[in-house]
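Below you'll find the structure, written out as structure tokens, and then a few comments.
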Amino acid sequence: MMRTAPRLLTAATATLALLLTGCGGDSGDDGKITLQFQTLAWQKESVDANKALVKEWNATHPDVKVELIQGSWDSVHDQLLTSFEGGEAPDIIHDASDDLADFAYGGYLADLRELLPDRLTSDIPGRSWQAATFDDGIYGVPFLQEPRVLIANSTWLKKSGVRIPTPQKPWSWQEFREITKELGDGEDGKYGVAWPLKEPVSATLNLSLSTGGRMFHRGADGKVDVRFDAADQIMPRTVHDQVNTDRSASGTTLGMGGSDTLPGFFGGKYAMVPLGFSYRQQIVQQAPKGFDWQVLPAPAGKEGSAQGVSPQTLSVAEDSPHKKEAVAFIDFFLQPENMVKLARGDWMLPTGKEALKDPALHTEKDDWAAGTALAEGLRPAPAQAVRGYPEWKDKVATPALQEYYSGAISLDELRKRLVKDGNLVLARYQR
């Protein structure tokens, strides 16, 4: 569940940068190795952490130099595809797990199973490794993750007298709906919640894991089909009813991104906004002086506080002639103390068990502790290994969910489009 960063490079510019710096890692006449590491870090703290760690590596590894190349979240998929097909891919690739499937199945990424050190494989939980596993191969090292949380106006909630949820006792989806009705029904321009669902598919799939929803089901033959069962419907029905029945959610925010809702949140229009954990940085920077806010866990279902995430990953290009050295750098880059630096730079959570123990991630300041308490419930997003998912998301699920949430179509019509139209799309990728 990852925020899209401001555009740093267009696909053409990023590709040109790779062409100018040469293809992948290389060995010079002196036998020294140069590895190219493309990072997508964009926030200043994160960029600074990346640069400092590369500088530290280069100072202590004179025979294996790492060159840092700047990429962009906005264009990374197309840029990487172009560089792979042109034989110009960087050795070490920063991406997200939900972008890896086509590259892994296409043979562009190295299977890391025989290269990863025991320290790294044991430090990162198995559930996180699943996010980068395709056909039993591991094609990326998951290192940062971001739960979706409720950012709440503390003053508003305290004044209302509603029960404040905790990671140990979160609201159920039904309780969440009832509480948002108490907090505001739009009559005076104030709403209990604002759902920014410009990109509705990720939020729907990932939050539905708490109710046992999966939507994608793999059969014994390995093929995947879409279903929209009762467990899959609880989260979307809650949002639909908040907007169209209870009026406790503002319909105007459905087409917004997360950042777009913050002015209204600061202005006292919404009691809560479901956002990625990293949005705390914007809130700290932009909230008016004296604005009292807090992080609350997302609603829970029969699976507790489980939710899907697509961790950020580090992969190695299959064409890299220096895979062993590339993995050695990744192991250094993701030492527990380094993983903490990267997590704090991006305002996210590390995947590593040792890093998660760091006191810096358990402070009350900026509600780090509230997010770290949710780490055990994070699971790979349901669509991680589904071929054809990007097309299903863009052509079927996004417009269907947008229309359902706004009240333009019924639940039956939503089911028909997600399942019938969706399975037609997936079938083309599974022949």
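Any residue at all in the range 317-330 that's of a type in the set (D, E, K, R), modelled with pLDDT of 95 or more, surrounded by fewer than 17 Cβ atoms within 10 Å (Cβ to Cβ) and closer than 23 Å to Pro142 by Cα? Yes, the range 317-330 has at least one match.
No other residue among Leu426, Leu414, Leu378 is buried (at least 18 other Cβ atoms within 10 Å of the Cβ), farther than 27 Å from Asp241 by Cα and either among the charged types (D, E, K, R) or in contact (Cβ under 8 Å) with a residue 24 or more places away in the chain (or both) apart from Leu426.
Please find, within the range 219-255, the residue that is farthest from the chain's Cα centre (by Cα) out of those that are of a type in the set (D, E, K, R) and not in a loop (DSSP other than H, G, I, E, B). Residue satisfying both the conditions and the ranking: Asp241. Give the number of residues within the range 313-347 that are on the phi > 0 side of the Ramachandran plot and of a type in the set (Gly, Ala, Ser). Residues in the range 313-347 being on the phi > 0 side of the Ramachandran plot and of a type in the set (Gly, Ala, Ser): 0 in total.
Would you confirm, using the coordinates I've provided, whether Thr155 is farther than 17 Å from Thr313 by Cβ, open to solvent by 30 Å² or more (accessible area, probe 1.4 Å), in a helix (DSSP H, G or I) and of a type outside the set (D, E, K, R)? Spelling it out, Thr155 is indeed farther than 17 Å from Thr313 by Cβ, open to solvent by 30 Å² or more (accessible area, probe 1.4 Å), in a helix (DSSP H, G or I) and of a type outside the set (D, E, K, R).
Among strands (runs of 3 or more DSSP E) entirely within the range 265-315, having at least 2 residues that are open to solvent by 10 Å² or more (accessible area, probe 1.4 Å) and more than 23 Å from Met339 (Cα to Cα) singles out 293-297.
Taking the range 284-308 as the range and being hydrophobic (A, V, I, L, M, F, W, C) and either in contact with a helix residue (DSSP H, G or I) (Cβ under 7 Å, 6 or more places away or on another chain) or modelled with pLDDT under 95 (or both) as the test, the residues that pass are Val284, Ala287, Phe291, Trp293, Val295, Ala298, Ala300, Ala306. Looking only at the range 217-255, which residues are at pLDDT below 95 and either among the hydrophobic types (A, V, I, L, M, F, W, C) or under 15 Å from Ile179 (Cα atoms) (or both)? Ala220, Val224 - these are the residues of the range 217-255 that are at pLDDT below 95 and either among the hydrophobic types (A, V, I, L, M, F, W, C) or under 15 Å from Ile179 (Cα atoms) (or both).
Against the test of being open to solvent by less than 10 Å² (accessible area, probe 1.4 Å), assigned to a loop (DSSP other than H, G, I, E, B) and of a type outside the set (Asp, Glu), the options Pro90, Pro62 yield a single qualifying residue, Pro90.
Quick test of your reading of the structure: Gly186 fulfils all but one of (1) without any contact (Cβ under 8 Å) to a residue 40 or more places away in the chain; (2) open to solvent by less than 50 Å² (accessible area, probe 1.4 Å); (3) within 28 Å of Thr398 (Cα to Cα); (4) among the small types (Gly, Ala, Ser). Name the failing condition by number. Unmet condition: (1). Scanning the range 394-411 for residues that are touching a residue at least 60 places away in the same chain (Cβ under 8 Å) and either within 23 Å of Asp246 (Cα to Cα) or open to solvent by 60 Å² or more (accessible area, probe 1.4 Å) (or both) yields Leu401, Gln402, Tyr404, Tyr405, Ser406, Gly407, Leu411. Could you look through the range 77-87, keep only residues that are open to solvent by less than 10 Å² (accessible area, probe 1.4 Å) and either in a strand (DSSP E or B) or not small (Gly, Ala, Ser) (or both), and pick out the one that is nearest to Ile330 (Cα to Cα)? So, considering only residues that are open to solvent by less than 10 Å² (accessible area, probe 1.4 Å) and either in a strand (DSSP E or B) or not small (Gly, Ala, Ser) (or both), the one nearest to Ile330 (Cα to Cα) is Leu80. Restricting the range 38-56 to residues that are among the β-branched types (Val, Ile, Thr) and assigned to a helix (DSSP H, G or I) leaves a set whose member that is surrounded by the fewest Cβ atoms within 10 Å (Cβ to Cβ) is Val47. Can we say Thr252 is among the polar types (S, T, N, Q) and closer than 17 Å to Val149 by Cβ? When the stated conditions are applied, Thr252 does not pass them. Ile69 passes every criterion in (1) part of a loop (DSSP other than H, G, I, E, B); (2) in contact with a Pro (Cβ under 7 Å, 6 or more places away or on another chain) apart from (1). When every residue of the range 144-159 is checked against the conditions, none turns out to be under 23 Å from the mean Cα position of the chain (by Cα) and among the hydroxyl-bearing types (Ser, Thr, Tyr).
Pairs linking a residue in the range 324-346 that is of a type in the set (S, T, N, Q) to a residue that is open to solvent by 10 Å² or more (accessible area, probe 1.4 Å) and in a helix (DSSP H, G or I), with Cβ atoms under 9 Å and 6 or more positions apart or on different chains, are Gln335/Arg119; Gln335/Glu354; Asn338/Ala49; Asn338/Glu56; Asn338/Phe332.
Quick one: which of Asp95, Asp91, Asp99 is over 30 Å from Arg218 (Cβ atoms) and touching a His at 6+ places or on another chain (Cβ under 9 Å)? Spell out how you get there, then give the answer.
Values: Asp95 fails: over 30 Å from Arg218 (Cβ atoms); Asp99 fails: over 30 Å from Arg218 (Cβ atoms).
From the options Asp95, Asp91, Asp99, the qualifying one is Asp91.
Would you mind stating whether Ser160 is touching a residue at least 12 places away in the same chain (Cβ under 8 Å) and either surrounded by fewer than 21 Cβ atoms within 10 Å (Cβ to Cβ) or more than 24 Å from Pro336 (Cα to Cα) (or both)?
Here the answer is yes, as Ser160 does meet what is asked.
The values are calculated or read from the model by the stated rules, or taken from the named source; none is laboratory data. Here the structure is a predicted model, which is why all the values come from computation and not from measurement. Positions of Cβ are backbone-derived with ideal geometry, glycine not excepted, and every protein chain shown enters the neighbour counts. Just so you know, the surface numbers come from the protein's heavy atoms only, side chains and all, with ligands and any DNA or RNA stripped out. Shrake-Rupley method; radii C 1.70, N 1.55, O 1.52, S 1.80 Å.
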